[in-house]
1. Taking the options Ser46, Ser23, Ser11, Ser56, name whichever one is at pLDDT 85 or above and not hydrophobic (A, V, I, L, M, F, W, C).
2. Return the residue satisfying two criteria in turn: it lies in the stretch 165-202 and is outside any helix (DSSP H, G or I) and aliphatic (A, V, I, L, M), and of such residues it is farthest from Met99 (Cα to Cα).
3. Search the stretch 133-164 for residues being of a type in the set (Gly, Ala, Ser) and part of a helix (DSSP H, G or I), and hand back the single one that is farthest from Glu284 (Cα to Cα).
4. Is there a residue in the stretch 184-194 that is farther than 13 Å from Tyr30 by Cα and surrounded by 22 or more Cβ atoms within 10 Å (Cβ to Cβ)?
5. Please name all residue pairs, on different chains or six or more residues apart, with Cβ atoms under 8 Å, provided the first residue is in the stretch 250-276 and is of a type in the set (Val, Ile, Thr) and the second residue is not in a helix (DSSP H, G or I).
6. Condition check: within 20 Å of the chain's Cα centre (by Cα), over 21 Å from Gly287 (Cα atoms), in contact (Cβ under 8 Å) with a residue 12 or more places away in the chain and part of a helix (DSSP H, G or I). Does Leu327 satisfy that?
7. Hey, could you check the stretch 330-368 for residues that are modelled with pLDDT under 85 and more than 30 Å from Glu282 (Cβ to Cβ) and say which is surrounded by the fewest Cβ atoms within 10 Å (Cβ to Cβ)?
8. Which one is surrounded by the fewest Cβ atoms within 10 Å (Cβ to Cβ) among residues in the stretch 277-316 that are in contact (Cβ under 8 Å) with a residue 40 or more places away in the chain and not in a helix (DSSP H, G or I)?
Amino acid sequence: MTAIYKRLNDSPAARWTALLIVSFTMMCGYFITDVMAPLEDLLTKSPAEGGLGWTSDEYGFFSGAYGYINVFLLMLFFGGIILDKCGVRFTGTMSSSLMFVGALLKWYALDNSFGDAQIFGYPVQVALAALGFAIFGMGAEITGITVTKIIAKWFTGHELALAMGLQVAMARIGTAAALACSLPIANKMGAASAPVLLGAALLCVGVVSFLVYCVMDKKLDASVAATEEQEPEEGFHFSDLKVIFTNKGFWLIAILCVLFYSGVFPFLKFATKLMIYKYGVEPELAGLIPAMLPFGTILLTPVFGSLYDRLGKGATLMIIGSLMLTLVHVLFALPILNEWWFAIAIMVILGIAFSLVPSAMWPAVPKIIPMKQLGSAYAIIFYIQNIGLSMVPVLIGSVIQNYATIETAEGITYDYTIPMTIFAVFGVVAVGVALLLKHIDKKEGYGLEEPNIKK
């Protein structure tokens, strides 16, 4: 006999619809996150050549701005607490709105000329664009932890890793679209601001879609209450943070996260220019090769997520992915086979690595941390991740400016050996952390190597 009351998330149609809605919001956000990456060469050209005259240092400062508010003002940390205390509806609406506001400010900065005026030693245009990106980054990261908790809320006991993998895949559609389309749009419209304006419009739709999700979430809470299958969850207390801070597995996942993502996202910020100056790709096509990475993850992340759901081996997947990340950056650093087809082959390997690690890493957190602290746990991980995402682009931009820029009779060129070696070091350390995580999992019994779907 069918129960009169049924949890809404027990319905496959309902939980997959909820996933689609929140994933769309994140996809729009990722478009803005990476929309400027293919424009680096355009931004750093002189105004006489049709560029904006930014330096590599200024571009690095701008690229790192994504995490400045999160890192220095601890907003991700507070965002996690707000999430656990106020719930996904309030937090997601607030954070997605912040993304939209930040995107608009970023567009305004790029669409206007401010002459020679400076703020804190940077041109006003660079400073305002960085501020907009920082506000956007604050909203995007809080939205990210909110969506991750939403997926855990709807899919725990079901296809959790697959759901998280599909969310990542949809986010990568945004990244891929940005990398592939940003430069052609900018060239066609004659303005670097044009693709940013498109992204802001998409984000407006994304905010509206999240409001639609809020209706579903309210119905889910009502259905859970109606079943009376569980006691009301005790509210979050600051003392609960001790559960997180004293957990060895949590810290290893957090460290692995910052190392792995520092070897991927900052790399993508500079990858288009790498394709131009090391592999001889035409500027109009250079963004298409880095775009292959997110396209690959669109297909592979759900596959690996489903594999983890059914077979387990989460820690092993993280080790393999970290090894592949290291191999990729070693190959990019070596002065061999400077051909476009070799760059594509390496990018394919990076795409596989970028599918393996997230598909196992994010579903691993609910196995280690209780649900009521989950928002704060993801927030702390995202906070630590943002330290890398904000500092590494600044580091790489400075290294390129001071150690990789070569003036020749034909003009300026770049040697990417040192920057790629730095990325390779991140990969080596990530391998060590992943191995240690597997050891701790065996000792503590987290269940990272066990399947998510209980038979």
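1. Values: Ser46 fails: at pLDDT 85 or above; Ser11 fails: at pLDDT 85 or above; Ser56 fails: at pLDDT 85 or above.
Ser23 is the lone residue from the list that is at pLDDT 85 or above and not hydrophobic (A, V, I, L, M, F, W, C).
2. Narrowing the stretch 165-202 to residues outside any helix (DSSP H, G or I): 190-193.
Next cut, aliphatic (A, V, I, L, M) only: 191-192.
Numbers: Ala191: 22, Ala192: 19 Å.
So the residue we want is Ala191.
3. Start the filter on the stretch 133-164 by keeping residues that are of a type in the set (Gly, Ala, Ser), which leaves 134, 137, 139-140, 144, 152, 157, 161, 163.
Now drop any that are not part of a helix (DSSP H, G or I), which leaves 134, 137, 139-140, 144, 152, 161, 163.
On the way: Ala134: 28, Gly137: 28, Gly139: 31, Ala140: 29, Gly144: 31, Ala152: 41, Ala161: 37, Ala163: 35 Å.
Per the stated criteria, the residue is Ala152.
4. yes
5. Thr272/Gly287; Ile276/Glu282
6. Working: within 20 Å of the chain's Cα centre (by Cα): no; over 21 Å from Gly287 (Cα atoms): yes; in contact (Cβ under 8 Å) with a residue 12 or more places away in the chain: yes; part of a helix (DSSP H, G or I): yes.
The answer is no for Leu327.
7. Per the criteria, the residue is Pro366.
8. Among those that are in contact (Cβ under 8 Å) with a residue 40 or more places away in the chain and not in a helix (DSSP H, G or I), it is Gly280.
The values are calculated or read from the model by the stated rules, or taken from the named source; none is laboratory data. All of these numbers come straight from a predicted model, not from anything done at the bench. Note: ideal-geometry Cβ built from the backbone for every residue, glycine included; neighbour counts use all protein chains shown.
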